[in-house]
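The block underneath contains the structure these notes are about, expressed in structure tokens.
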Amino acid sequence: MARVYNWQLGREMSYWYPESRASKQFAAVFDINKCIACQTCTLACKTTWTSGKGQEYMLWNNVESKPYGFYPLAWDLKLLEMLDGQKWNEGGEKPVYEGSTIFESAPAGERVMGWRPEDEDYAYPNVGEDDCAGGVDGGANIFETHDMAWFYYLARICNHCTYPGCLASCPRGSIYKRPEDGIVLVDQGRCRGYQECVRGCPYKKVFFNMMTGTSEKCIACYPKMEQGIQPQCFVNCIGKIRMAGFINPPDKANPENPIDYLVHVKKVALPLFPQFGLEPNVYYIPPIHVPTSFTKQMFGPGVDAAVKTYREAAANKDDDLTGLLGLFGSSEMLMERWKRVGDKIIGLDAAGKQIVDVPLKEPVVERPAFDKLYQITRTNCP
Amino acid sequence: MKSTLLIALIAVMIGAGPACRRAIVSTPDVQVVSGQTITLDANASVWNPVPVHLSKQIQQDLVEPRLMEASTQEVQIQAISDGNLIAFRIEWLDDTQDDLPGPARFMDGVAVQLPAKIDPNVPAPQMGETGKSVEISYWRADWQAVVDGRADDITSIYPNAKPDHYPFNAKPLENNPDAQAQAAQRYSPARALGNGREGPRTEPVEDLIAEGPGTLAPGPNAFSKGKGVRTRTGWAVVITRPLPAGFSKESPSQIAFAVWQGSHDETGARKMRSGWVNLLMK
Ligand code: SF4
């Protein structure tokens, strides 16, 4: 095992291979507060990539309702149970993870600590996760607010981790991370279907295809990314919760890069289970209505500050932050740079060419009930 | 009356089938009986007089992931040759038949490994080493099931599955098998690359070469054939391939065996393997 630096943990850690960062690292920010769980992302991915034989239950993109939804079943709980105390030292300048990662907890004979879901664990995506746990008797009503009167939608794709568990687990080197964009791929010509990657990915985002006998995963729509276009699940997102781009390590953070700005400068977007140790590259703006005692375990110690910044952005007239969030979903092109000019937010490509601009505030348009042009009274549907 | 019948039945069962041989006298080497007619039938009488080598299996514990808990202790090996081909009959105990692929499901299998070149300086027994490659013939239970007629369809694995639609079943492609095949391939990149881990195949055996752990690759020749059948206590598999280059009475070689029990989550490096044993032509 080599020693590598994981900035999300604030420390070095052990990893199967030495540190070698991609020259650009694919990354994304998902604003959980805007997700409506319409599953358009899931379908966009499914129809594009996983409509074949053996991919029936494979969802490279899925949306689950937390805390009771999982795909596959209990994917996070199983590993959280296996992992030690997951303690963070928050006394210093920045939090340092004092627990063990999946690499540091690898039992004898294993490359990482992991587990393999069985077919039944994949069989019921989203079924029952928003339902009442029991029957409601006639005349029953709720007198008080339930302690857990919250839930949120967690949209998930492969995190194209800086230190992928899948890649470390493969004894054949069939998984590789592209040096040019950090996208993690399974070489379909080399994979022999040992399912070690399925076992080793804590996010359970590699899937075994029983009809090809190989493991398959999210490819970050690399043919689109190579053309400067965001992946399918991003451009089809109805809630406009997603922005794809590239992230720099914190010491090289560039505020003109929208991902860097949200992750490193504003610190409103946080990694998913950073304590696993993979330096995952999909960052989440945590749900602001959920007790942070819950979200802290999922997104790390930055949750309180992130929620505060996001909540107060409008009141504090943080036009940069609120404006940048308006850029999400405004173009299918990759916006590697951004800037605000007055009340306009501009998305630019890597060369600095403008792609799109959005207003800081959408103008309010009032439509009179009586349409003079057509001499008709229009009413809004209830 | 009933008990007499039962005893008679047991007697018949003991008398039949390769799994219930008399106590085995193991030869220290694998002795290839020459001048025989090659067969893929594990129950053929040609095997009856052929000496048995009991290959002691040990856990693969050199590279991660290792097999931490032992399973198959020994494998019975017999070998015959007709002067061109060599056939191995391999039998081992395995009380579950694991041939249905799926998540967290692994396949029963067995492999025969030979040094690519006969040389006193033999390659490392664990998959060879750089510059000293090994040739491997690998049989797998799921491939056998496919060769024996299992359909290349999800319902052959999950009989109650009802996929609503596949793009290759789209109406406009209905009368165009080529377009259908192309559409199917688009969603099966491994098949498009010729990496037939599952799906239609004509042989349950695969030819491989390796120069050390993690380097396993398709061999230059697809010359191995095989057939595996369930015995009452496990598997009996016959694997045939050409005689190793330069192998003769005067010039013996080495051989090693590996076996995987699917029900024990054995796959890839998680296997029971042997060291080199002498392979002698008799
Ligand atoms: S999320 Fe899982 S599949 Fe994706 S790179 Fe990380 S370890 Fe690999």
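The values are calculated or read from the model by the stated rules, or taken from the named source; none is laboratory data. It should be emphasised that the depicted structure is a prediction, and the values quoted were computed from it without experimental measurement. Cβ atoms come from the backbone with ideal geometry, glycine included; neighbour counts cover every protein chain shown.
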Worksheet item: Counting residues that are within 14 Å of another protein chain (Cβ to nearest Cβ) and in contact with a helix residue (DSSP H, G or I) (Cβ under 9 Å, 6 or more places away or on another chain), which strands (runs of 3 or more DSSP E) fully inside segment B:69-123 reach at least 1?
Response: B:109-115
Practice prompt. Kindly list, by first and then second residue, each pair from a residue in segment A:206-228 that is among the basic types (Lys, Arg) to a residue that is away from the ligand (no atom under 14 Å from the Cβ), limited to pairs with Cβ atoms under 8 Å and residues at least 6 apart or on different chains.
Written response: A:Lys224/A:Gln230; A:Lys224/A:Gln232
Worksheet item: Within segment A:304-320, how many residues are touching a residue at least 24 places away in the same chain (Cβ under 8 Å) and crowded, with 21+ Cβ neighbours inside 10 Å?
Response: 2
Item to complete: Among what's in segment B:141-150 and is within 11 Å of chain A (Cβ to nearest Cβ) and either without any contact (Cβ under 8 Å) to a residue 60 or more places away in the chain or in contact with a Phe, Trp or Tyr (Cβ under 8 Å, 6 or more places away or on another chain) (or both), pick the residue that is farthest from A:Gln195 (Cα to Cα).
Response: B:Val146
Practice prompt. Can you give me the ranges of the helices (runs of 4 or more DSSP H) entirely in segment A:161-254 with at least 2 residues that are near the ligand (Cβ under 10 Å from one of its atoms) and farther than 22 Å from A:Ser330 by Cβ?
Written response: A:165-169, A:196-200
Item to complete: Please go through segment B:166-191 and pick out each residue that is small (Gly, Ala, Ser) and either surrounded by 13 or more Cβ atoms within 10 Å (Cβ to Cβ) or part of a helix (DSSP H, G or I) (or both).
Response: B:Ala179, B:Ala181, B:Ala183, B:Ala184, B:Ser188, B:Ala190
Worksheet item: What are the residues in segment B:239-257 that are within 17 Å of the chain's Cα centre (by Cα) and either under 14 Å from B:Val32 (Cβ atoms) or within 14 Å of chain A (Cβ to nearest Cβ) (or both), if any?
Response: B:Ile239, B:Thr240, B:Arg241, B:Pro242, B:Ile255
Practice prompt. Determine whether segment B:230-238 contains at least one residue that is within 29 Å of B:Gln126 (Cβ to Cβ), within 13 Å of another protein chain (Cβ to nearest Cβ), β-branched (Val, Ile, Thr) and under 23 Å from the mean Cα position of the chain (by Cα).
Written response: no
Worksheet, complete the sentence: Per the filter on segment B:209-229, residues surrounded by fewer than 19 Cβ atoms within 10 Å (Cβ to Cβ), within 11 Å of chain A (Cβ to nearest Cβ) and in a strand (DSSP E or B) are B:Ala217, B:Pro218
Worksheet item: Residues in segment B:128-137: is at least one within 21 Å of B:Phe247 (Cβ to Cβ), among the aliphatic types (A, V, I, L, M) and either within 12 Å of chain A (Cβ to nearest Cβ) or not in a helix (DSSP H, G or I) (or both)?
Response: yes
Worksheet item: In segment B:262-273, how many residues are of a type outside the set (Asp, Glu) and either part of a strand (DSSP E or B) or out of contact with any strand residue (DSSP E or B) (no Cβ under 8 Å at 6 or more places or on another chain) (or both)?
Response: 6
Worksheet, complete the sentence: Residues of segment B:159-187 being closer than 18 Å to A:Phe208 by Cβ and either in contact with a strand residue (DSSP E or B) (Cβ under 8 Å, 6 or more places away or on another chain) or more than 9 Å from chain A (Cβ to nearest Cβ) (or both), in sequence order, are none
Worksheet item: Hey, among the residues in segment A:106-124 that are free of Cβ contacts under 8 Å to residues at least 40 places away in the same chain and within 24 Å of the chain's Cα centre (by Cα), which one's surrounded by the most Cβ atoms within 10 Å (Cβ to Cβ)?
Response: A:Met113
Worksheet entry | All positions within segment A:339-354 that are loosely packed, with under 12 Cβ neighbours inside 10 Å and of a type in the set (Asp, Glu) | A:Asp343
Practice prompt. Could you please give the count of residues in segment A:275-303 that are of a type in the set (D, E, K, R) and buried (at least 22 other Cβ atoms within 10 Å of the Cβ)?
Written response: 1
Worksheet item: Just a yes or no: is a residue in segment A:53-72 hydrophobic (A, V, I, L, M, F, W, C), under 27 Å from B:Arg191 (Cα atoms) and away from chain B (no Cβ under 14 Å)?
Response: no
Worksheet item: Is it true that some residue in segment A:84-97 is under 30 Å from B:Glu198 (Cα atoms), surrounded by fewer than 20 Cβ atoms within 10 Å (Cβ to Cβ) and modelled with pLDDT of 95 or more?
Response: no
